[in-house]
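Before any comments, here is the structure.
Every read-out reported here was derived from the displayed coordinates using simple, explicitly stated rules and does not represent laboratory data. Just so it is clear, the model here is predicted, and its values are computed rather than measured.
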Amino acid sequence: MTAPMAAGLAAQGVLMAFYLLLPVAVGALVAALAVGAFQSAVQLQDSTISFLPKLLLGGAALLLFGPWMLSMATTFARGAWALIAHIAR
């Protein structure tokens, strides 16, 4: 394996990790913003209140985007293994 091939595979891996993280992170961000706006409106400053909505929206994002995430990860893994098998020959 040459250095550019290894660097390309590593870059694809980092990009894939970003793509897989994005749906859950956006769900948690939306929950945090909504809870923060609610806490500001009612002047309630308790950090434990925001935990459950973040957990629920993160789980909902996993349920909604899980098949897509699995497909992306599987495609990447198959490509990486094919590249490794090609290099090993």
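Rounded to the nearest Hz, the phi-derived 3J(HN,Hα) couplings of segment 51-57 under the Karplus curve 6.51 cos²θ - 1.76 cosθ + 1.60 (θ = phi - 60°) are 5, 5, x, 5, 5, 5, 6, where x marks glycine and proline.
Listed options for P(r) over Cα pairs in 10 Å bins from 0, in percent are [x] 17, 49, 29, 5, 0; [y] 16, 32, 22, 17, 10, 4, 0; [z] 17, 27, 23, 17, 9, 5, 2, 0. The value calculated from this structure is the one marked [y].
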